[in-house]
Every structure is written in structure tokens, then in C-alpha cells.
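What follows is a short report on a single structure.
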Amino acid sequence: MADGDPANDQDCWFRIIPNLKWINDDGSLAEQALKGRAIAPPPLGEKPWTHEISGCLLSLVPDVNAHGLRFVSNIAAGQAKPAKTLAFAGVACALPKHLRGAPSPGLRVDVIHSPIEPPDRWADPAHSNVIIFGSTTDDDLDAVRTYLQERLRVVREAAIPHLAVLCASAPVAAPLAVLRITASSSSGTGGGSFAVQDQ
């Protein structure tokens, strides 16, 4: 997959949540997680889209937990006094086909592969951007945040081993449902099974 290629509809796009306060008590994504520099113009205005949100494609990440811990470590290394709430709390995720669309008239959202190459300290071959076309005002960005909050599912760090299933399982019609994993052992296999349920 080359830089700028559309992400596969069935892949899992995820954004690391590096702050314990960015997950609401009900398990949904806090609005703060999509504020500040989370949604930013492309560097030097060199792209045809107006804003972008960094994330990753699950198909290109061999170990999500290690990826998240490394991301948080990079943040801490750039802070004189890291916040007490800085931690790998989990990810916010969705299938690209559920992220693509129009938050409001004049706005369009897409998902592309956008690898970051060394020697950048954020170098990441799995890097992917959610890109927004037509966002020029604060109202536009608020519409994008609402649109994304309705589609992104929070998967906490403990449930990361099941990320691929959880990313695809929650219906878009009920985006803020808290997902519960019910585990059961599988005799004779050495493994287990689980069911995803809405709470």
C-alpha cells in the first residue's frame, strides 16, 4: 500500500488514547480526545484536504499494545513534566467504511494510508490519516467531532487482543454502546472464545 492510497473498507482504523481521562465513565470517547491538535491542518497546507486526524491501520500493526506504549513513551519524552493521566488507555476505532461519509453539507471524510518515514521520531509504516475536505470554520470542526464520536468505538487496553472483532462488531446505529467481552474456555484447544454484547 502506497502513501495516499485509500484504506481498505474492512481494515480497522484506530487512534491511540494516551490519556485516562479521554474515556467517559460509560466507555464512550470523551470529546476532549478530538480537541486541540487532534484535528489539524495538513503540514504546510500541501494537501487537497483541509484537516486530518492521525491513526493507524490494524492490518499493518503486529503488536497494538507495544505500538501504544511506544506512542505514549514518545509523548512523555517531549514533555518536561508528563501529566499524571498520561497512559496507554486503549484505542478509538472503526472500519474505514464507517468513517467515510459527509458530516454535513460541504464536508467529506475519507481514510488513507499515510506512512511516516524515518528518521522522524514518529516514524510509523502503519500510520493512516482520517482526512476531512471542506472544513474551514469551528462549526465545521464541531460537526466532524460529533460525526466521529458517533462512529468511533473505544476498546480499552485489556481488550486489545480482540480489537479486530470489536472494531467491526458494534453497529453504527448504536455507536456509543459499551461493548462487553464474555469469555469462555474451549476445552481441548488451549484457547478460548468470546462473545460481544451491547450493555
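Details
- Local charge for S54 was computed over the other residues whose Cβ lies under 13 Å away, with Lys and Arg +1 and Asp and Glu -1, and equals -1.
- Other residues with beta-carbon under 13 Å from the beta-carbon of T146 carry, at +1 per Lys or Arg and -1 per Asp or Glu, a net charge of -3.
- Phi-based couplings in Hz for the stretch 105-119 (Karplus 6.51, -1.76, 1.60; Gly and Pro marked x): x, x, 10, 9, 10, 9, 9, 10, 7, 8, x, 9, 9, x, x
- Taking 0.36 nm per residue of sequence separation and removing the Cα-Cα distance, the A66/A2 pair yields an extension gain of 20.7 nm.
- Cα gyration tensor shape for the stretch 13-173, rounded if a/c is under 1.5, else prolate or oblate: rounded
- In summary, the aspartates and glutamates within cross-link reach of K97, defined as a Cα separation below 16 angstrom excluding same-chain residues under 8 places away, comprise D5, D9, D11, D110, E150.
- Full-stretch length increase - N74, S59 - with 0.36 nm per residue and alpha-carbon distance subtracted: 3.2 nm
- Note on D138 and Q32: their simple-model spin labels are 1.9 nm apart, each label 7 Å out from Cα toward Cβ.
- Between A83 and R121, the contour length at 0.36 nm per residue exceeds the Cα-Cα span by 11.6 nm.
Every number in this text was worked out from the coordinates using simple rules, so none of it is lab data. Small disclaimer: the values here were computed from a predicted structure and weren't measured. In this analysis, Cβ positions are derived from the backbone assuming ideal geometry, glycine residues included, and neighbour counts consider all displayed protein chains.
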